[in-house]
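A.B. asks: One structure is given below, represented as structure tokens, and several questions about it will come after.
The values are calculated or read from the model by the stated rules, or taken from the named source; none is laboratory data. None of the values given here were measured: they were computed from a predicted structure. Positions of Cβ are generated from backbone atoms using ideal geometry, with glycine treated the same way; all protein chains shown enter the neighbour counts. The protein model used for the area step is the full one, side chains on, heavy atoms only, and it has no ligands, DNA or RNA in it. Shrake-Rupley method; radii C 1.70, N 1.55, O 1.52, S 1.80 Å.
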Amino acid sequence: MVLTRKVKASFLFPQRNICKAFYIGHAAHASVSPIKNSSVNTVNQWIQHSRKPKTLNPIVSTCFFSTQSSKFPEYEMPTVTWGMIQGRKEKLVSRVIICDYLKSSGIVPDELEHLELPSTIEVMKERIEFLQKLGLTIDDINEYPLMLGCSVRKNMIPVLGYLEKMGIPRAKFGEFVKNYPQVLNASVVVELVPVVKFLRGLDVEKQDIGYVLQTYPELLGFKLEGTMSTSVAYLVSIGVCPRDIGPMITQYPYLLGIRVGTKIKPIVDYLVSLGLPKKILARMFEKRPYILGYDLEETMKPNVDCLISFGVRREALGSVIAQYPQILGLPLKAKLSSQQYFFHLKLKIDPEGFAGVIEKMPQIVSLNQNLILKSIEFLRGRGIAADDVAKIVVKCPQLVALRVELMKNSYYFFKSEIKRPTQELLEFPEYFTYSLESRIKPRYQRLSSKGIKCSLSWFLNCSDQCFEERLQADYIETETKGPSFYMGGRLELPRSEIVSDEEEDESDDEILYRRSVSL
């Protein structure tokens, strides 16, 4: 009777329902009488036919997966009984059990409502323990609980293995995941590899990739055709050398995340309005790309206004910024107030003189006051009056940044070999800024061999080529005050000085460019 019913059922139900009915009955071990061999052969032939790949019904296709233990227990394929019996009720029960386990571990599962969770506590426990071995705490997991939806073998291990290959040490994995936990959800092939290839295409050295990603891990989530490409293209358009993009990114990876329209272009336009040509800005950005990270409204503009309030002339702002671009991002008001008070108290330099010092050497705002005092005490110790020291500091503020040992050597050479009165040092204090071994000694010895007597500025404040031409001339140029020397500044020539045609053709932009490059 049972055999007859099963054969008739093949005519009453579709094939998929027969499969379902047969296996449910088999899984439930229904109490039926033994089936005859002929009937069994008939059903076996139908089963072999239904196992072919042409079957597209998911219920039929899952009926024949192996239920034996696999290499990875958490990825075992479900049995037919599991697939049929575990419905919404069992899934809800399993989810409640997992959520209770997470709560007992201190993890808040509220954000995991729509996330597919593993069906067993063992798998979830493995994920939590793996994250803890990386250095993450329960609080870190609660900051981004979605990482619990990542499989250890399918997500975490491949991602971390690739990061290690890119130069991120294992000891830094925990910190990296804390800073950018979304990386565990990323695909190595689809998301991570293209970003690394993009960085290499921008001339970021292979050994620097790890540092760049550690510094700014969010890069791994950027779209290549978005902000990164746009910012690079704009910087190149204003004159940044393409070969310098790689070193710029290595020094300041956040550059690739700065938007052009809202950040970079407004900064460029503002600095151009202060008298800095784009050619100079390009060189500034190449050397110090972090300037682009300064806030224009909150930092840059207030600092420029602060310089003006302390007496810096508007026409000198471009030169000040070109010499010391970092001044745009400093807590400038506090620094200027402190230094101005110090210069007035210790050096007897008034606010107007202090403004002149800033124009010639803006780095003075960050210079240690003890270092300044050492240079001042050395000059005063040579018998130079306090008022004269103040004058030569205003004229050549670079003196306060020199090493006292070098100043001593230059001074002793001046007194023992050159044997000139100290008054000449007051007229040309820039003497101390030149190298004793590479410029002062060699040039003075050649002058002595020819019996030429001249001022300090005449043989020091000129290029090597100019010095050679002066030595070969049949006459000595008339003594004048000579060009006043500002380190990093423009040479101011007397009106009587003859300027070559080549120098006349030089624009202000070219002079400013040459000056900033020399820095």
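A.B. asks: Between E164 and F413, what is the spin-label point distance in nm, taking each point 7 Å from the Cα along the Cα→C-beta axis?
C.D. replies: The answer from the label model is 5.7 nm.
A.B. asks: Okay, moving on. Can you tell which of L379, P302, I392 lies farthest toward the positive end of the dipole of region 293-392, using +1 and -1 charges on the Cβ of basic and acidic side chains (Lys, Arg; Asp, Glu)?
C.D. replies: Checking the options against the dipole of region 293-392, the answer is L379.
A.B. asks: Taking all protein chains in place and a 1.4 Å probe, what share, in percent, of the accessible surface of region 172-270 do carbon and sulfur account for?
C.D. replies: Working: 2430 of 4600 Å².
So the carbon and sulfur contribution to the accessible surface is 53 percent.
A.B. asks: While we're looking at this one, here's another question. Accessible area per residue for region 159-278 in Å², computed with a 1.4 Å probe and the full protein assembly in place, what is it?
C.D. replies: 47 Å²
A.B. asks: Please work out how much length the chain gains when fully extended from F342 to A171, using 0.36 nm per residue of separation minus the C-alpha to C-alpha distance, in nm with one decimal.
C.D. replies: Full extension from F342 to A171 adds 56.9 nm.
A.B. asks: Kindly write out, for region 324-329 in residue order, the coupling ³J(HN,Hα) from the Karplus curve 6.51 cos²θ - 1.76 cosθ + 1.60 (θ = phi - 60°), rounded to whole Hz, with x marking Gly and Pro.
C.D. replies: Per residue, the Karplus-derived 3J(HN,Hα) values read 9, x, 4, 4, 6, x Hz.
A.B. asks: Here's another thing I want to ask about it. Summarise the accessible area of region 380-422 (1.4 Å probe, protein heavy atoms) by the percent that is carbon and sulfur.
C.D. replies: Heavy-atom surface of region 380-422 belonging to carbon and sulfur, 1.4 Å probe: 51 percent.
A.B. asks: What is the magnitude of the charge dipole of region 304-428 about its Cα centre, with +1 placed on the Cβ of each Lys and Arg, -1 on the Cβ of each Asp and Glu, and no other charges, expressed in debye to the nearest 20?
C.D. replies: I would put it at about 280 debye.
A.B. asks: Further question on the same structure: Please report, to one decimal in angstroms, the Kirkwood hydrodynamic radius of region 314-388 built from all distinct Cα-Cα pairs.
C.D. replies: For region 314-388, the Kirkwood estimate is 13.2 Å.
A.B. asks: So, one more: Provide the solvent-accessible area of T137, counting protein heavy atoms only and rolling a 1.4 Å probe, rounded to the nearest 10 Å².
C.D. replies: Using a 1.4 Å probe on the heavy atoms, I get roughly 70 Å².
A.B. asks: Moving on. Just the number, please: Stokes-Einstein D of region 376-432 in µm²/s, Kirkwood Rh from C-alpha pairs, 25 °C, 0.890 mPa s.
C.D. replies: 216 µm²/s
A.B. asks: What whole-number volume per residue, in cubic angstrom, does the convex hull of the C-alpha atoms of region 176-243 give?
C.D. replies: Each residue corresponds to 89 Å³ of Cα convex hull volume.
A.B. asks: Same structure, new question: Beyond 17 Å, what percent of the Cα pairs of region 147-199 remain?
C.D. replies: The answer is 30 percent, as a whole percent.
A.B. asks: Compute the relative contact order of region 363-407 as a whole-number percentage, counting only Cα pairs closer than 8 Å that sit 6 or more residues apart in sequence.
C.D. replies: Values: 22 pairs, mean separation 22.4, N = 45.
With pairs under 8 Å counted, the relative contact order is 50 percent.
A.B. asks: Something else about it: What is the Cα coordinate range of region 281-336 on the first, second and third principal axes, sorted by size from largest, in whole angstrom?
C.D. replies: The Cα atoms of region 281-336 stretch 30, 22, 18 Å along their principal axes.
A.B. asks: How big is the dipole moment of region 255-366 about its Cα centre under a simple scheme where the beta carbon of each Lys and Arg is +1, that of each Asp and Glu is -1, and everything else is neutral? Debye, nearest 20, please. Spell out each step's value before the answer.
C.D. replies: Working: 16 positive and 10 negative charges, 65 e Å.
Charge dipole, region 255-366, about its Cα centre: 320 debye, nearest 20.
A.B. asks: Cross-link list K265/K391; K408/K453; K333/K374; K335/K408: which exceed 32 angstrom alpha carbon to alpha carbon?
C.D. replies: Working: K265/K391 42 Å; K408/K453 24 Å; K333/K374 25 Å; K335/K408 30 Å.
Over 32 Å Cα-Cα: K265/K391.
A.B. asks: At a Förster distance of 51 Å, what's the computed FRET efficiency of T227 paired with R380, Cβ-Cβ distance as r, to 0.05?
C.D. replies: 0.35
A.B. asks: Okay, moving on. Extending each Cα 7 Å along its Cβ direction at K206 and S455, get the distance between those two points in nm, one decimal.
C.D. replies: So the two model labels end up 6.0 nm from each other.
A.B. asks: Out of every Cα-Cα pair in region 341-485, what percent are more than 20 Å apart?
C.D. replies: Beyond 20 Å sits 49 percent of the P(r) for region 341-485.
A.B. asks: Please work out how much length the chain gains when fully extended from L426 to Y270, using 0.36 nm per residue of separation minus the C-alpha to C-alpha distance, in nm with one decimal.
C.D. replies: Answer, rounded to one decimal: 52.2 nm.
A.B. asks: Using 0.36 nm per residue of separation minus the Cα-Cα distance, give me the extension gain between K125 and D139 in nm, one decimal.
C.D. replies: Gain on extension, K125 to D139, equals 3.4 nm.
A.B. asks: Near S229, within a Cβ-to-Cβ distance under 14 Å, what is the net charge of the other residues, with Lys and Arg +1 and Asp and Glu -1?
C.D. replies: After counting each charged neighbour, the total is +2.
A.B. asks: Quick check: pseudo-label points 7 Å beyond the Cα along Cα→Cβ at S435 and S105, how many nm apart are they?
C.D. replies: 6.3 nm
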